[in-house]
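These notes are about the structure you will find just below.
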There are 2 protein chains.
Amino acid sequence: MACVNTDNTANIIGSPRELRLMCREGRWRAPTAGQAPGYVQTNVAILPRDLAFDFLVFCQRNPKPCPLVEVLESGVTEPKLTSPGADIRTDVPLYRIYRNGVLSGEVEDILGEWRDDLVTFLLGCSFTFETAMMAAGLPLRHVEQNRNVSMYRTNIPTVPAGVFSGPMVVSMRPIPHNQVVRAVQVTSRFPGVHGAPVHIGDPEVIGIRDLAHPDYGDAVDIYEGEVPVFWACGVTPQAAAVQSKPSLMLTHSPGHMFVTDVRDEHLAVL
Amino acid sequence: MACVNTDNTANIIGSPRELRLMCREGRWRAPTAGQAPGYVQTNVAILPRDLAFDFLVFCQRNPKPCPLVEVLESGVTEPKLTSPGADIRTDVPLYRIYRNGVLSGEVEDILGEWRDDLVTFLLGCSFTFETAMMAAGLPLRHVEQNRNVSMYRTNIPTVPAGVFSGPMVVSMRPIPHNQVVRAVQVTSRFPGVHGAPVHIGDPEVIGIRDLAHPDYGDAVDIYEGEVPVFWACGVTPQAAAVQSKPSLMLTHSPGHMFVTDVRDEHLAVL
């Protein structure tokens, strides 16, 4: 469920509704980074109803890696609250299908997989706070270097719930030491999309041995005078869900997010 | 699920653990207002597992009236995350039992009612932000007048989820006009316990006809130069739950809250 920043030289689609329609009609299969600027993009996790309560409790207990933006009732395909008129089965650029915890395919829609006992979870994505970071003049090295953000498994346990558990996965962004406080302040305003960092500085303290070898995404350069800063990452719930080996789990493909009609600032506090 | 402030001339019990033990041993059956100062007190709602997912989604969709502090897995009686060692069946001063949506009794423990399919929800309570308001020098008229806070049904709909729906219930506190902004600021820091007001001023705008006749609690005096300020209230989820006529619902008795080990400041943002 990681958000992946990818170079996007195509035109910028300004409207979430238009972007979703393009997905639905097969005219958009690319990553969504930079599209519909100012609107909340979300990770998608769809699970059978018998796992939904446990997964919802897992998210409630772990709000930093698993910030809930919307949960749909069993069988419902329209995220009415955040994206009226959308259809979660067709409006994501690319989907992944997991069977018994194993990735079994990547598809352009999930109409053929849909069942009335499926529950859709939309989870906040760091694109929202990255927009705020850029606005505050903070560097985003993975964007500058046109790479995916670096992500690492940590020794920070999540709080288990029912069948779900596992380590927290974090994303890392190098920040000049005189801007670290600002980075904390800016991202603290967005608790609904991972919020404040979970760690600043020495990676070994949270069980990361080598920043040059991320567990997910790409390594980025860290310059003299920069501090690695770590945020809870949306890969966490996906990793926890896969580990529980659900008979069926449907997700977006990394970087190919569901774009809502919610404005980034709507998720900000104070 | 309203928090009720009641005069309490007994000694102040400082420790949540001690207060819970006194409940368990039958030595405390009084309201908890003012007890264990600085610790989060919670509304308690216990529902059968078949309603728990819908209720959890209802809370997720209506975070202002239904701020989740902890959700326990089905059958679990110890709120391990917020109150290790506690037992939700014995550690509340007084409970209410609802059968098919009708209040059927008030009891000192729920050991005899417990079933393995029951799911416990702990929801934040305005006591937390009232402590912060007092610290900021804001008046709390219902405390000054030794009454229960005034609560009203509004025309603000909650966002329905599954079988749960109903109007938002609000509590009202009169605030001098030159302190209204401060009241917004202070309570905004506590989104986990109802947070910022939902309305300031004219009660008719939110469907309240007569402030002198609250739907729950007591009327309080409003002085010249004061503005009625309205906050989402924990009666909302209880009213919504009762309306769905669950076969069994167990709650605390108004004002007789479950006291956690979580410090008020732990729920504050920024």
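Computed from the coordinates by the stated procedures, all read-outs in this text should not be read as laboratory data. Keep in mind the model is a prediction, meaning the values are calculated, not measured. Because the Cβ atoms are built from the backbone with ideal geometry, glycine has one as well, and the counts that use them run over all protein chains shown.
The table that follows gives values for the structure above.
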read-out	value
For the range B:45-129: rounded, prolate or oblate by the Cα gyration tensor [a/c cutoff 1.5]	rounded
Of the DSSP H helices in chain B, those whose Cα atoms cover at least 18 Å axially and whose Kyte score averages -1.0 or more	B:49-61
Convex hull projection area averaged over all views, the range B:85-163, Cα basis, nm²	8.9 nm²
The range B:117-197 - Rg over Rh from alpha carbon coordinates, Kirkwood radius	1.02
The range A:9-166 - percent relative contact order, Cα under 8 Å, separation 6 or more	29 percent
Label distances, nm, residue A:243 versus same residue in remaining copies, Cβ-directed 7 Å point	3.9
Quotient of C-alpha Rg and 2.2 N^0.38 Å, computed over the protein assembly as shown	0.99
Percent RCO, i.e. relative contact order, over the range B:140-237, from Cα pairs under 8 Å lying at least 6 residues apart	40 percent
Label-point separation in nm, residue B:50 to residue B:104, each point 7 Å along Cα→Cβ	1.5 nm
Size of charge dipole - the range A:89-167 - debye, nearest 20, with Cβ of Lys, Arg +1 and Asp, Glu -1, no other charges	380 debye
Number of partner chain Cβ atoms within 10 Å, mean per residue of A:53-60	5
Debye, to nearest 20: dipole size of the range B:1-110, +1 on Lys, Arg Cβ, -1 on Asp, Glu Cβ	140 debye
The range B:140-237: translational diffusion in µm²/s, Stokes-Einstein, Kirkwood Rh over Cα pairs, 37 °C, 0.692 mPa s	237 µm²/s
Kirkwood-based Rg to Rh ratio, chain A, C-alpha trace	0.94
Inter-copy spacing of residue B:11 label points, which lie 7 Å from Cα along Cα→Cβ, given in nm from shortest upward	7.6
Debye intensity ratio I(q)/I(0), log10, the range B:201-240, q values 0.33 Å⁻¹ (C-alpha model)	-1.34
Global form of the range A:194-270, assessed from the alpha-carbon gyration tensor, a/c cut-off 1.5	oblate
Rounded FRET efficiency, nearest 0.05, which uses the C-beta distance separating residue A:205 from residue B:269 and R0 of 25 Å	0.50
Shielding by partners - mean other protein chain Cβ count within 10 Å, residues of B:145-152	0
Average Cα contact separation per residue, chain B, under 8 Å, 6 or more apart, as relative contact order %	33 percent
Peptide B:192-202, shielding by other chains (average Cβ, 10 Å cutoff)	0
Anisotropy class of the range A:35-190 from Cα gyration tensor, a/c 1.5 cut	prolate
